[in-house]
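First comes the structure, then the notes that go with it.
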């Protein structure tokens, strides 16, 4: 850690007083990373990159956006038409929001599959869920800003959910609206918060990384590194591996931005908001559809709201629901089956969230919602008690010699 | 290949919300010059589409987001744009006496709307509001096909369907009952280039023009897109090769 390892005298002078170079050096070379991470471990870096893209494009968009009910829609169209490359910046912002959720969903699923939420990484996981919640709030408020039909009616539906809370519900809704309906005051506060929250997310991301670096990354085998033979330095091994992931991410993002920029949006949001005309089907952005399906599966409003938030709240206590000491699904044959069933269930919920709440869709939503909670609240605790796990390898370096491993 | 997988992936995940709006709607699928990653606008068709808009649609439908200067995209030069703008009367003011006044349009003006406000538009159309057309091809699912099908979709109502007074039967409109009377019957406009002016041909020209109005930067977007995808593909190949080389001593 001494400053002598830097050749450049300026770097040495600065580092002696402000050890930023030592810090970077430490992260790059001294921070041990398990050598067996697969490409699923790219998605943390990709999420960070998506956040950076969102903040940079968002700041530029805010320079030309007008947060007023009479001008918001048109100011977005001015960005699309008259601001130099405004269409590009706006389409990048719009589509990176979707990609951010794709990346984060994969990141969460990776954590679920490989047991990354287990001791000693519970707080790391919880901070991740906090980031996810903040992302959802930010994305929701961002979608309101163009003040199209879906912006307006989405905002109306979602803010109205809070009125289900007993006693204080109506006051909370009035506070969210800044008045007695979704109107200019609502748009203004959503703009203000939409600008603020990404920086709050960045702060929690720093904590997330601090917690990560305490014990390092989990890995596909899920056992701790037993020595230097199991680890490699972050740079150059994982910097270059992340680069491959970044290239794929940017390639897919570019294809979407340049060739299908509106594929993940809803046509109704190109109609200016109209409080007197309700769209035929109010649907949120695709990344909220599973939770929207859970909300609508319950015939009672308060019950629906509680279950919807419960669907995320259950993630907070996940480390204490699944107590199996074996982390990775590779050594948990039953858990693995239920993981894939859960994934199918979540995708089914997403599909149902985009369908009208009628007939067979309601029944299916209820079954899928029940399964979602059964998975976390019943199946995982039972599995961690009764599942016979496969023997674990001795170490990361010798996964094939693991015949004498422990079992839970 | 990757693109096809990705498109299929998109189609699967997005089928839900995208299909949600469809009722009993008959869509005619057409190949548009602007479809696909290399798609471009047909300038001659857009100019004809503008003529058709002006002579058929503009009586009721505004095009608020388009300024005359934007017509450079249709292939008009500066003098032609000034001449087109000058054919319109635009309200300006207030002048030094505090009065609003009319003057001929200039290139920087937006196309004037047919009605002063929404109430006037509704009063002139049996209570129905003719929507602004600036974004219409993006504001409807499968916009270009939908718009084409709608313009060519006026039919005799099938038996058992009663069409109320002031409504019209349209096979492409959700619910099939539309307030807009049939706008095109064929030979509604006479094109100076002698192009076909059947209902289908005029509809197709209008779709070209209105797709441009909704997405005027499409051509430059796709052009940059091809370059970006090319660059990123190379970037991916080199990243992967570098990764293999660096990791060679780990396995």
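For the pair the range B:163-195 / the range A:41-107, the C-alpha centres are spaced 39 Å from each other.
Could you please rank A:141, A:23, placing first whichever residue has the fewest other Cβ atoms within 10 Å of its Cβ?
Values: A:141 23, A:23 12.
Ranking A:141, A:23 by Cβ neighbours within 10 Å, fewest first, gives A:23, A:141.
Per-residue shielding of B:214-220, expressed as the average number of other chain Cβ atoms within 10 Å of the residue Cβ, stands at 4. Considering only the Cα atoms of the range B:137-248, their convex hull presents on average a projected area of 12.3 nm². Relative to the dominant Cα principal axis of chain A, helix A:239-259 is inclined by about 20°.
Between residue A:13 and residue A:123, with labels modelled 7 Å along Cα→Cβ, what's the label distance in nm to one decimal, could you check? Computed distance between label sites residue A:13 and residue A:123 equals 3.9 nm. Sorting B:68-76, A:107-115 by average packing, meaning the other beta carbons within 10 Å per residue, from highest down gives A:107-115, B:68-76. Cβ-to-Cβ counts within 10 Å put A:367, B:246, A:89 in ascending order as A:367, B:246, A:89, the fewest first. Kindly provide log₁₀ I(q)/I(0) values, in the same order as q = 0.09 Å⁻¹, from the Debye equation applied to equal alpha-carbon scatterers of chain B. So the normalised log intensities work out to -0.54. Taking the convex hull of the alpha carbon positions in the protein assembly as shown and averaging its projected area over all directions gives 38.1 nm². Can you tell me the orientation of helix B:43-52 relative to chain B, as the angle in degrees between its alpha-carbon axis and the longest Cα principal axis, to the nearest 10? Its long axis makes an angle of about 30 degrees. Distance from the C-alpha centroid of the range A:294-317 to that of the range B:223-247: 43 Å, rounded to the whole angstrom.
If eta is 1.002 mPa s and T is 20 °C, what Stokes-Einstein diffusion coefficient results for the range A:161-248, Kirkwood Rh from Cα pairs, in µm²/s? All intermediate terms of the calculation are to be shown ahead of the outcome.
On the way: Rh = 17.8 Å.
Translational D for this selection: 120 µm²/s.
Counting every other Cβ atom within 10 Å of each residue's Cβ, A:283, B:226 order from fewest to most as B:226, A:283.
Of all the C-alpha pairs in the range A:22-282, what % are more than 24 Å from each other?
Details: 18701 of 33930 pairs.
Every Cα pair in the range A:22-282 considered, those over 24 Å come to 55 percent.
Rounded to the nearest 10 degrees, the inclination of helix B:2-19 to the longest alpha-carbon principal axis of chain B is 40 degrees.
I'd like the FRET efficiency for residue B:200 and residue B:159, computed as 1/(1 + (r/R0)^6) with the beta carbon distance as r and R0 of 30 Å, rounded to 0.05. Show your work: numbers first, answer last.
Details: r = 26 Å, r/R0 = 0.88.
Efficiency, rounded to the nearest 0.05: 0.70.
Relative contact order for the range A:22-154 using alpha-carbon pairs under 8 Å, separation at least 6, rounded to a whole percent? Present the calculation step by step, with values, prior to reporting the outcome.
Working: 75 pairs, mean separation 35.7, N = 133.
Averaging sequence separation for qualifying contacts and normalising by length gives 27 percent for the range A:22-154.
Note on B:157-163: average number of Cβ atoms from other chains within 10 Å of each residue's Cβ is 0. Taking the convex hull of the alpha carbon positions in the range A:286-385 and averaging its projected area over all directions gives 6.4 nm². Note on B:231-243: average number of Cβ atoms from other chains within 10 Å of each residue's Cβ is 5.
When each of the peptides B:139-146, A:372-379 is scored by how many other beta carbons lie within 10 Å of its residues on average, the order from highest to lowest is B:139-146, A:372-379.
Where a number appears in this text, it was derived from the coordinates with a stated rule and is not lab data. It should be emphasised that the depicted structure is a prediction, and the values quoted were computed from it without experimental measurement. Methodologically, a virtual Cβ is constructed for each residue, glycine included, from the backbone with ideal geometry; neighbour enumeration extends over all protein chains shown.
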